[in-house]
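The values are calculated or read from the model by the stated rules, or taken from the named source; none is laboratory data. Note that the coordinates shown come from a computational prediction; the quantities given were computed from them, not determined experimentally. Counting neighbours? That spans all protein chains shown, and the Cβs are built from the backbone with ideal geometry, glycine included.
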Amino acid sequence: MISKILVATDDSHIAKKAFRYALKLAAQLKASISLLTVIDDRAFIVQSIPLEMFQSQIGQPIGDFMRRSAEKHLKRDSSICKKNGITCRSIIRNGNPVDEIIKEAKKSQVDMIVMGSHGKGTLESAVLGSVAYGVIHKNTKYPVLVIRK
């Protein structure tokens, strides 16, 4: 029985679509939702800038912006859950998205993970990396519902 659903979201178009699927599923199953956004710190590391300068002048404002953005879309999605009578909690993590999604799934003891995928091909996934691909193929026991564009 599915009673806890983890929804990995980054507020992209496909993540919003995955959230809508999870919302309908949670309503049908009377399940709760955990909304997770992972801020990938690696996304704003610049090699040519000295680390001291990066952390004090560049890294913090970008990190703050990412956190505020995540808080805003999680608040909106939590409100939608509440309006639909679904128990919801919001989580923001920093780190590798694949690792953090799996860690949160274990910590929250969820029954399913729902996430979007931009539908990149096998070669692109191998070169660029794919969060959905990583979550599915990591040694995990959780069923993963992947919503594509």
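Residues in the range 1-27 that are small (G, A, S), surrounded by 14 or more Cβ atoms within 10 Å (Cβ to Cβ) and within 21 Å of G95 (Cα to Cα): A8, A15. L51 falls short on exactly one of the conditions (1) surrounded by 17 or more Cβ atoms within 10 Å (Cβ to Cβ); (2) of a type in the set (A, V, I, L, M); (3) modelled with pLDDT under 95, and that condition is (1). Here G59 fulfils each of the conditions (1) surrounded by 14 or more Cβ atoms within 10 Å (Cβ to Cβ); (2) modelled with pLDDT of 95 or more apart from (2).
For K30, only one of the following conditions fails: (1) modelled with pLDDT of 95 or more; (2) over 17 Å from V98 (Cβ atoms); (3) surrounded by 13 or more Cβ atoms within 10 Å (Cβ to Cβ). What is its number? The single condition K30 does not satisfy is (3). Filtering the range 106-129 to residues that are of a type in the set (D, E) and at pLDDT 60 or above leaves only D111. Does V135 meet the test of being at pLDDT 90 or above and in contact with a Lys or Arg (Cβ under 6 Å, 6 or more places away or on another chain)? No; evaluated as a whole, the condition is false for this residue.
Residues in the range 1-45 that are β-branched (V, I, T) and closer than 22 Å to F65 by Cβ: T9, I14, T37, V38, I39, I45.
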